[in-house]
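Okay, so here's the structure we're looking at.
The values are calculated or read from the model by the stated rules, or taken from the named source; none is laboratory data. Values in this document were obtained by computation on a predicted structure and should not be read as measured data. Here the Cβ positions follow ideal geometry from the backbone for every residue, glycine too, while neighbour counts run over all protein chains shown. These accessible areas exclude ligands, DNA and RNA; they are computed on the full protein's heavy atoms, side chains included. Shrake-Rupley method; radii C 1.70, N 1.55, O 1.52, S 1.80 Å.
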Amino acid sequence: MKQTLIASALFSTLAVSACTEEEITNFFRGEDNEISVSGKTNNIDDTAEAAVNIEGVYDTPGEPSNPTTTSDANGDFSLQLKENESFYLRASKNGLVSIISSEMNLSSDKADIIFQMPTETEAQDIINTAFSFTPQLFNHAWLLVNVTTSAGDEANSYPVILSAIPAGAVYTSCDGTDSGLIETTGAPCSTDRPAPMYIAYYDTSGNITATVGDESQNISIRIGEIAEIKFVIP
């Protein structure tokens, strides 16, 4: 009799709190559902970069609760993360600059995430080309933004709006130099653009919201590392 009353009370509580069927299932399982996030790690020449550590960061990099994996010989990786919980990916390897993705919150699997991993020298060369002076990679937190169409083409005439004013920023021309404009420009380029469409840097680590058109994305920035955002314009 007592067992029946306890069960009735439990189901009444679940009904009052308007739980979904999935939440009720998870309650009895005692575990959260997971989604799979997968992709590839390349070097700056677009060939596979193996043995890159991929961390799913819920709050702070390096926490024991963060899932991690390593890309294989073909640069492929797959990581299991909690469904409907905010996280970002951080790709790192000795000798290469760490790359941070924008924040994600997913209810289904996501594939085809690409990390392009430059060396410190390669990243500094891009910075030197884009800026008329030479801010250094190691003592700033870097934010890179690209804006493309749904067809994958670069999208012109889009300003990038940031929640905090950067210490410096440039929109690049097709050759990677400062365009002198205040919006994305240059496309279509006759060859691959040797720099992102927009580069900004900050003197401190933190969290930034970037907005292009009607879309906003959140991202963490860290000193000596590169945070990357890609916007797709319909």
Order Leu137, Leu106, most accessible first, counting only protein heavy atoms with a 1.4 angstrom probe.
Leu106, Leu137
In Å², nearest 10: area of Phe138 left accessible to a 1.4 Å probe
140
What is the percent carbon and sulfur in the accessible area of the chain, measuring with a 1.4 Å probe over the protein chains and ignoring ligands?
50
Net charge (Lys, Arg +1; Asp, Glu -1) of residues whose beta-carbon lies under 13 Å from that of Ser102, Ser102 excluded, is 0
Any chance you could give the angle, 0 to 90 degrees and rounded to 10, that helix 2-16 forms with the longest Cα principal axis of the chain?
40
Add +1 for every Lys or Arg and -1 for every Asp or Glu among the other residues with Cβ under 13 Å from the Cβ of Asn139, and state the total.
-2
Under 20 Å between C-alpha atoms is the cut-off here; go through the chain and count lysine pairs that meet it, provided they're at least eight residues apart or on different chains.
5
Crossing angle, helix 120-130 versus the chain [Cα axis fit, 0-90 degrees, rounded to tens]
60
Check which residues have an amide H placed less than 5 Å from Gly168's amide H, if you skip close sequence neighbours.
Tyr201
